[in-house]
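Written below as C-alpha cells is the structure these notes are about.
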Amino acid sequence: MHLLLAGVAGAFLTGDIFNLYVWFEVMLVASFALLILGSEKPQMEGAIKYVTLNLVSSVIFLVTIGLLYSMVGTLNMADIAQRLAHLDDNSMVDALAMMFLVAFGIKAAAFPLFFWLPASYHTPPVAVSALFAGLLTKVGVYALYRVFTLIFYHNPGYTHEILLWGAALTMLSGVLGPRRSSSSGASCRSTSSARSVT
C-alpha cells in the first residue's frame, strides 16, 4: 500500500512527463498486487483485465512521450509548453493531445474508455476497492487536467471541447449505473460519474 501511495504522490509532484509515466507504472504494479490479494478466481480475472488495459494505456502514453520528445527535445512539462507554442504544425500537436487523451482517459476510466472499471474494481476486498475508488482514477483525471491546462492549451476550441463532451458523457454513464443488476456494478458506475464532476 505504501508503494501505491508513493506512486500517487510522485504523480502529483512531478514536473517531468516521463517521470509521470514512471509513477503511473509504480501505481500499476502496486495496485495489481492489491487486486490479487486472496487469489480467488474473480480477483485474478479482474486483475488481468485491469492490468491488460492499463498496459495498453501505458504503451500509448510512452509512444506519445517519445513523439513529443522528438518534436520539442525536452521532457519538462513547462519547457514543453513553451516550445509547443512556437511550433507551426498544430495538426501534430493536436494528434499528440488526442493520444494523451486516450492514454489518460483509460487510466481515468472516462467514457467511453471505462469498460475495465466495473470488471476489476468489484473483485478485491472492500478496503482495497475503496482505496482504488478514492485514488487511482483520480490520478488519471489529474493527469488530464495537468496536461491539457499546462501543455495543450494552444487550441482550446478543439481539445477542451472534446474534454467537455467526455466529462458530460461520463456523468451520464454514471447516472445509468443504478440500472446495473449488482450493487458493485452500480457503485463502479457511480465512481465514474463522480470522478467526471471533478
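For the residue pair L135 and A9, what label-to-label distance in nm results when each label sits 7 Å from Cα along the Cα-to-beta-carbon direction?
1.1
Can you pull the percent of Cα pairs in the range 1-92 with separation above 19 Å?
For the range 1-92, the share of Cα pairs beyond 19 Å comes to 52 percent.
Would you kindly state how much longer the chain becomes between M171 and V63 on full extension, computed as 0.36 nm times their sequence separation minus their alpha carbon distance, in nm to one decimal?
Additional length available on full extension: 36.0 nm.
Rounded to the nearest 10 degrees, what's the angle between the helix 2-13 long axis and the longest principal axis of the chain, both from Cα atoms, 0 to 90?
30
Tell me the Kirkwood hydrodynamic radius of the range 68-132 in angstroms, computed as one over the mean inverse distance between distinct C-alpha pairs. Walk me through the numbers on the way to the answer.
Numbers: mean 1/r = 0.0697 Å⁻¹.
About 14.3 Å, per the Kirkwood formula over Cα pairs.
State the answer as a single residue: which of A11, L68, A81 lies farthest towards the positive end of the charge dipole of the range 1-152, with beta carbon charges of +1 for Lys and Arg and -1 for Asp and Glu, about the Cα centre.
Going by the charge dipole, the pick is A11.
Please determine, in degrees from 0 to 90 and to the nearest 10, the orientation of helix 41-72 with respect to the longest principal axis defined by the Cα atoms of the chain, where the helix direction is its Cα long axis.
That helix lies at roughly 0 degrees to the long axis.
Restricting everything to alpha-carbon atoms, can you work out Rg to Rh for the chain with a Kirkwood hydrodynamic radius?
Ratio of gyration radius to Kirkwood radius: 0.98.
FYI, it's all coordinate maths here, none of it is from the lab. Values in this document were obtained by computation on a predicted structure and should not be read as measured data. A quick note on method: Cβ atoms are made from the backbone with ideal geometry, for glycine too, and the neighbour counts reach across all protein chains shown.
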